[in-house]
Amino acid sequence: MARDIGPKCKRCRKAKEKLFLRGEKCFSDKCVLMKRGEEPMVRGRRRRRISDYAIQLHEKQKLRMMYGVLERQFRNYYELAAKSANTAATLVILLERRLDNVVFRLGFANSRPQARQFVRHGHIAVDGRRVNIPSYLVKAGQTIGINGENGLKLVKPILADKEPPATAWLNMDSGAVTGKIIREPLPEDVKGIPCNTQLIVELYSK
């Protein structure tokens, strides 16, 4: 399965804001974006007006990198979201329903890349069955758990270091190390995403 294995901190500098790809490091003084700032200017390059297309593309790249999705897969999500009444909100909801994102939202992993790795290595189970596909879309009523003792050894120290996440559409049981999908996320549940999704719709609508 194709994936982006480039430097994570470089993506944040390119996006000019935190995408929270390195877990706890993003909240500490070790954050490269805080220490070194945005991507450096190349000497001799002229400053010029940023076009509307460039702004739209920048927003799309931020959202894509934040969820760790490659271009073709992101396009497929958009085409699926375009069939709904609210394309911008549905696009983010589809990304939120990805299994790797749900594992991250439940607090089983410190970051989405780490959650993706847990899923790929077979440490995550859905309704008691092992699922190793990060893009698997969860549904209301499903239960997310840990598969095997090795998975518990990885997840329990992470849960011990943080408070249970407050997510309206997820219910976390720290004792059993499981989470349940109460309902599918609503547009108001995905507020706070650091990008303008309407600009992404405008980009693909051209």
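The values are calculated or read from the model by the stated rules, or taken from the named source; none is laboratory data. Being a predicted model, the structure only gives us computed values, none of them experimental. Please note: Cβ atoms are built from the backbone with ideal geometry, for glycine as well, and neighbour counts cover all protein chains shown.
So Q142 clears everything in (1) within 14 Å of the chain's Cα centre (by Cα); (2) in contact (Cβ under 8 Å) with a residue 24 or more places away in the chain except one condition, right? Which one?
(1)
When the residues of the range 179-189 are filtered to those that are outside any loop (DSSP other than H, G, I, E, B) and touching a residue at least 60 places away in the same chain (Cβ under 8 Å), which remaining residue is farthest from E149 (Cα to Cα)?
Out of the qualifying residues, it is P187.
If A176 meets every condition in (1) touching a Leu at 6+ places or on another chain (Cβ under 8 Å); (2) aliphatic (A, V, I, L, M); (3) assigned to a loop (DSSP other than H, G, I, E, B); (4) at pLDDT below 95 apart from one, which number is that one?
Checking A176 against (1) touching a Leu at 6+ places or on another chain (Cβ under 8 Å); (2) aliphatic (A, V, I, L, M); (3) assigned to a loop (DSSP other than H, G, I, E, B); (4) at pLDDT below 95, the one that fails is (1).
So which residues in the range 122-152 are closer than 16 Å to A176 by Cβ and either of a type in the set (D, E, K, R) or outside the structural domain of V103 (by TED's automatic domain parsing) (or both)?
Within the range 122-152, D127, E149 qualify.
I need the full set of residues from the range 179-192 which are out of contact with any helix residue (DSSP H, G or I) (no Cβ under 6 Å at 6 or more places or on another chain) and either of a type outside the set (D, E, K, R) or at pLDDT 90 or above (or both), in order please.
G179, K180, I181, I182, R183, E184, L186, G192
I need the full set of residues from the range 76-97 which are without any contact (Cβ under 8 Å) to a residue 40 or more places away in the chain and either of a type outside the set (A, V, I, L, M) or over 16 Å from S135 (Cα atoms) (or both), in order please.
If the condition is that a residue be without any contact (Cβ under 8 Å) to a residue 40 or more places away in the chain and either of a type outside the set (A, V, I, L, M) or over 16 Å from S135 (Cα atoms) (or both), then N76, Y77, E79, K83, S84, A85, T90 are the ones that fit.
Which of the residues that make up the range 153-178 are touching a Pro at 6+ places or on another chain (Cβ under 7 Å) and in contact (Cβ under 8 Å) with a residue 40 or more places away in the chain?
M172
Take the conditions assigned to a helix (DSSP H, G or I), buried (at least 16 other Cβ atoms within 10 Å of the Cβ) and among the small types (G, A, S) and apply them to G151. Does it pass?
yes
Give the range 58-74 a look and list any residue that's surrounded by fewer than 16 Cβ atoms within 10 Å (Cβ to Cβ), touching a helix residue (DSSP H, G or I) at 6+ places or on another chain (Cβ under 8 Å) and farther than 21 Å from V102 by Cβ, or say none.
E71
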